[in-house]
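See structure below.
Computed from the coordinates by the stated procedures, all read-outs in this text should not be read as laboratory data. Just so it is clear, the model here is predicted, and its values are computed rather than measured. We place every Cβ from the backbone using ideal geometry, glycine too, and count neighbours over all the protein chains shown.
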Amino acid sequence: MYKVVFVFSKKGIMRFISHLDLMRLFMRALRRADFPLKISEGFNPHPKLSIKRALKLGLESENEEASIILKEPVDSADFKTRLQQQLPSGIRIKEASLIPLAY
């Protein structure tokens, strides 16, 4: 298992997106980018994505942190490029780093 921690900015019209919609946006973008996502087990399986803090509606942010768990390693630069291609113009991935997990 591998954890990718990435920093993103949320600006412009995207400042009006709610936290739940932002989570859905990232989940869909990650699926479209075809990453080897770790899916939770149980009744309602979903990717293991977390955003560090929820912003209030209407606020812009320059440095928000999120993480996703992957089954296989992905190059940080490749992750950043592939994910950015799937996101709308108000969301920009600034950096990404891969952390191996010991399970």
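Please report the relative contact order for the chain, taking Cα pairs under 8 Å with a sequence separation of at least 6, and give it as a percent rounded to a whole number.
50 percent
Can you compute the helix-only [θ] at 222 nm over the chain? Use -39500 (n - 2.57) per DSSP H run of at least 4 residues, normalise by all residues, nearest 500 deg cm²/dmol. Let's see the in-between values first.
Values: 2 runs with 24 residues, N = 103.
Taking each H run of at least 4 residues, the total per residue is -7000 deg cm²/dmol.
If the only charges are +1 at each Lys and Arg Cβ and -1 at each Asp and Glu Cβ, what is the size of the charge dipole of the stretch 2-100 around the Cα centre, to the nearest 20 debye?
About 240 debye.
Take residue 72 and residue 2, extend 7 Å from each Cα along the Cα→Cβ direction, and tell me the distance between the two endpoints in nm.
With each label point 7 Å from Cα toward Cβ, the separation is 1.0 nm.
Say the dipole of the chain comes from +1 at the beta carbon of Lys and Arg and -1 at that of Asp and Glu; which of 44, 14, 89 then lies farthest toward its positive end?
Ranked along the dipole, the leading option is 14.
Rounded to two decimals, what ratio of Rg to Rh does the stretch 2-100 give with C-alpha atoms and a Kirkwood Rh?
The Rg/Rh ratio comes out at 0.95.
Applying the Karplus parametrisation 6.51 cos²θ - 1.76 cosθ + 1.60 with θ = phi - 60° to the phi angles of the stretch 39-53, what ³J(HN,Hα) value in whole Hz is obtained for each residue in order, glycine and proline being reported as x?
Once θ is set to phi - 60°, the couplings for the stretch 39-53 become 9, 5, 9, x, 5, 10, x, 8, x, 8, 10, 9, 10, 4, 9 Hz.
Kindly list the residues of the stretch 52-79 that lie in the label zone of residue 19, defined by a backbone N under 12 Å from the point 7 Å along the Cα-to-C-beta vector.
Once the point is set 7 Å along Cα→Cβ of residue 19, 52-57 turn out to lie under 12 Å by backbone N, inside the stretch 52-79.
By how many degrees, between 0 and 90 and to the nearest 10, does the Cα long axis of helix 19-32 differ from the longest principal axis of the chain?
For 19-32 against the chain, the angle is about 50 degrees.
Where does helix 76-85 land angle-wise versus the long Cα axis of the chain, in degrees 0 to 90, nearest 10?
Taking Cα atoms only, the helix is inclined about 50 degrees.
So which of 10/80; 56/94; 48/94; 71/94; 3/56; 11/52 end up more than 19 Å apart by C-alpha?
Pairs exceeding 19 Å: 56/94; 48/94; 71/94; 3/56.
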